[in-house]
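Worksheet: one structure, shown below.
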Amino acid sequence: MEHAKDVANGAQTPQSSGQHTSINKPQDPMDSTKFREAAHAAVDEIINYYDTLPSRRVLSSVEPGYLRSLLPSGPPEDPEPWHEIQKDIESKIMPGLTHWQSPNFMAFFPASSTYPGMLGELYSAAFTAPAFNWLCSPAITELETVVLDWLAKLLNLPDCYLSRGEGGGVIQGSASEAVVTVMVAARERYLREKSEGLEGEAREDKIAHLRGKLVALGSEQAHSSTHKAANIAGTRYRSVPVHLEDDFALTGRGLRKTIEDCKAKGQEPFYLTVSLGTTSTCAVDCFEEIAQVAKDYPSIWIHVDAAYAGAALVCGEFQHHTAHFSAFDSFDMNMHKWLLTNFDASCLYVKRRRDLTDALSITPSYLRNTFSDSGLVTDYRDWQIPLGRRFRAMKIWFVLRTYGISGLKAHIRHHIQLGDLFHGLIKSRSDLFAVLTPPAFALTVITIIPRRQRRQRSSIPADRPDPAHEAYTNDFTPDATNQHLIDANALTKEVYELVNSRGEIFLTSGVVGGVYVIRIVSANPMAEEKYVRRAFDILVKTAEEVLAGKEPVPRENGVEENPLVKMPVPRLG
Ligand code: PLP
């Protein structure tokens, strides 16, 4: 139909007209002169955006579907000038943005953005090339190998992860993608090993039998990407229990028990994610103990997920964490979380690159070339799931050079200090807040203390019974501890929702070991002490406000009601 309309409007190909005519290139609506102008205007607007970020409401307040009503039902028929397009950024897009770069963004984990990172993105766009093979743009492949080796040394990874040996690094889009990639490699390696010596149908049968028994493992606090990867890889998933008394770290004991349980059921554990910094509390698994267990189960692939906290390894005081990493098979950290690099830059390292290429290399004739065939070059398409890939090494290169090692260390240490400051402030109001686990990697995880447990500031005169006093210890509730948890969870949730609904700061909540928590992490490049102090003041004010709403309410008949115990308290005197 559209085609018929175009023909009616005079669209003809030389073949259809039967005449020899020259083919005219359509006019480019943005030539280099217009691009220069537009790019300057865009850069100016971006700089202005960053300069005004602290004063913008961090959370968007739009309703779902807000944008459809603001936009036309289809693209314009004719070209629009850049200044018309750019106008819509402030008026239509900005209201629907959550400002991840705002210093008042203290939710999830940070997603860093810096000017050198943006310049890397700009050049990457300019040199656009889905450089799957070395030949597709040698510089794209070779810069990736070089900067990932730089980074491996900076993070104190063992030499086995460097490209000069059997290992090496590759940039993936995300930590989740890295987990799927290594899990597939782990699955194929496991099946190969377990069917060794068999041939033909016997081998196929053995592999088919084993496939149904494979089980991937992660701790209860491992990021959900491991479970998702198991779904994608078509294997079972089993989580290993972790406990508050171990600060939610995966222990060797817990791991061994789960492996033995699986084996007893005839299952085949083939893969494990261990975490350097879990999402909920930044727990660090017991690497030394896990490395010991690994000795008894050498076929299990162990992947270190250090998506966020891995960035801290640039500082010497955190490098002891890598002491046992040579016992593991792969490691991944996101430069785009905490290390000043724009999304996406997830740096995956493997100890044996052949494990990846054995699982992921398929070479149809159109991808063959003499360089690849020579085996002297790296074709990163064999280290990842997609074929094409972006030029992501450029922004890492720019960031590493612009900040230098000293700048990266200063950046991490600044945030650790801010985390410590915030933790200290929280502890100074131990009547209001409890800390669930020790502060780690700038993350603090808190709960609000319900009124009945609070020790101070009773407004009820001493000559009258105070329902808040010793309420949980002298409670009539059959399970007072449990009741306290229920109250604390409800209260923490209420405070959390009120804080976020006001949009002055943005936090995330979670449930850890049955406890509802608020997570606060101030670690994007704009983070500063004054914003951390303000966040604390907002939390105090909101917690007090919510608790005040739950104070015993005086009744006209002289009876006070405590809404928590729901029991009238007679007034004396
Ligand atoms: N692992 C951990 C520990 C995380 O905290 C996260 C996300 O926050 C991920 C993995 C997933 O990261 P990505 O978004 O890069 O897949």
Scanning the range 69-85 residue by residue, those assigned to a helix (DSSP H, G or I) and either surrounded by 11 or more Cβ atoms within 10 Å (Cβ to Cβ) or in contact with a helix residue (DSSP H, G or I) (Cβ under 6 Å, 6 or more places away or on another chain) (or both) turn out to be Leu70, Trp82, Ile85
Val304 passes all but one of the listed conditions (1) β-branched (Val, Ile, Thr); (2) within 15 Å of the ligand (Cβ to nearest atom); (3) surrounded by fewer than 24 Cβ atoms within 10 Å (Cβ to Cβ); the exception is number (3)
Residues of the range 86-105 being part of a loop (DSSP other than H, G, I, E, B) and within 16 Å of the ligand (Cβ to nearest atom), in sequence order, are Thr98, Trp100
Taking first residues from the range 352-370 that are assigned by TED's automatic domain parsing to the domain that holds Glu166 and touching a residue at least 60 places away in the same chain (Cβ under 8 Å) and second residues anywhere that are among the aromatic types (Phe, Trp, Tyr) and surrounded by 11 or more Cβ atoms within 10 Å (Cβ to Cβ), the pairs with Cβ under 6 Å that are 6 or more apart or on different chains are Leu356/Trp383
Of the conditions (1) over 24 Å from the mean Cα position of the chain (by Cα); (2) within 27 Å of Ser501 (Cα to Cα); (3) of a type in the set (Phe, Trp, Tyr), the single one that Trp82 does not satisfy is (2)
Only unsatisfied item for Phe108, checking (1) within 16 Å of the ligand (Cβ to nearest atom); (2) crowded, with 17+ Cβ neighbours inside 10 Å, is (2)
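To keep it simple, each residue is scored yes or no on (1) β-branched (Val, Ile, Thr); (2) touching a residue at least 40 places away in the same chain (Cβ under 8 Å).
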| site | (1), (2) |
| --- | --- |
| Pro75 | no, no |
| Trp100 | no, yes |
| Glu121 | no, yes |
| Ser124 | no, yes |
| Ile140 | yes, yes |
| Thr145 | yes, yes |
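Condition check ((1) within 16 Å of the ligand (Cβ to nearest atom); (2) more than 18 Å from Ser137 (Cβ to Cβ); (3) in contact with a Lys or Arg (Cβ under 9 Å, 6 or more places away or on another chain)) across all residues:
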{"residue": "Val314", "(1), (2), (3)": "no, yes, yes"}
{"residue": "Asp329", "(1), (2), (3)": "no, yes, yes"}
{"residue": "Met335", "(1), (2), (3)": "yes, yes, yes"}
{"residue": "Leu348", "(1), (2), (3)": "yes, yes, no"}
{"residue": "Arg354", "(1), (2), (3)": "no, yes, no"}
{"residue": "Pro364", "(1), (2), (3)": "no, yes, no"}
{"residue": "Phe371", "(1), (2), (3)": "no, no, no"}
{"residue": "Gly388", "(1), (2), (3)": "no, no, yes"}
{"residue": "Lys395", "(1), (2), (3)": "yes, no, no"}
Q. Residue check: is Ser60 polar (S, T, N, Q) and touching a helix residue (DSSP H, G or I) at 6+ places or on another chain (Cβ under 8 Å)?
A. yes
Expected output for the range 156-180 (first residue at positive phi and at pLDDT 95 or above, partner within 16 Å of the ligand (Cβ to nearest atom) and among the aliphatic types (A, V, I, L, M), Cβ below 7 Å, 6+ apart or cross-chain) is Asn156/Leu313
When the range 388-439 is checked residue by residue, the ones that are assigned to a strand (DSSP E or B) and touching a residue at least 60 places away in the same chain (Cβ under 8 Å) are Phe433
Within the range 384-408, of all residues that are touching an Asp or Glu at 6+ places or on another chain (Cβ under 9 Å) and β-branched (Val, Ile, Thr), the one surrounded by the most Cβ atoms within 10 Å (Cβ to Cβ) is Ile396
Within the range 329-383, restricting to residues that are under 21 Å from Arg189 (Cα atoms) and among the polar types (S, T, N, Q), the one that is surrounded by the most Cβ atoms within 10 Å (Cβ to Cβ) is Ser330
With criteria (1) away from the ligand (no atom under 16 Å from the Cβ); (2) modelled with pLDDT of 95 or more; (3) under 30 Å from Arg236 (Cα atoms), Glu199 comes up short on (2)
All-but-one check, Asp344 against (1) within 16 Å of the ligand (Cβ to nearest atom); (2) within 23 Å of Val215 (Cβ to Cβ); (3) among the charged types (D, E, K, R), failing number (2)
Practice item. Check whether at least one residue in the range 112-123 is part of a loop (DSSP other than H, G, I, E, B), in the same structural domain as Phe270 (by TED's automatic domain parsing), within 22 Å of Trp338 (Cα to Cα) and not aliphatic (A, V, I, L, M), and report yes or no. Key: no
Residue check, Glu497 in the same structural domain as Leu436 (by TED's automatic domain parsing), touching a helix residue (DSSP H, G or I) at 6+ places or on another chain (Cβ under 7 Å) and either modelled with pLDDT of 95 or more or surrounded by 15 or more Cβ atoms within 10 Å (Cβ to Cβ) (or both): no
Based on what the data block shows, is Leu339 of a type in the set (A, V, I, L, M, F, W, C), under 20 Å from Thr145 (Cα atoms) and touching a helix residue (DSSP H, G or I) at 6+ places or on another chain (Cβ under 8 Å)? yes
Taking the conditions exactly as written (away from the ligand (no atom under 16 Å from the Cβ) and either assigned by TED's automatic domain parsing to the domain that holds Arg390 or touching a Gly at 6+ places or on another chain (Cβ under 6 Å) (or both)), does Leu143 satisfy them or not? yes
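The values are calculated or read from the model by the stated rules, or taken from the named source; none is laboratory data. Source: prediction; values computed, not measured. Note that we place each Cβ from the backbone using ideal geometry, even for glycine, and neighbour counts take in every protein chain shown.
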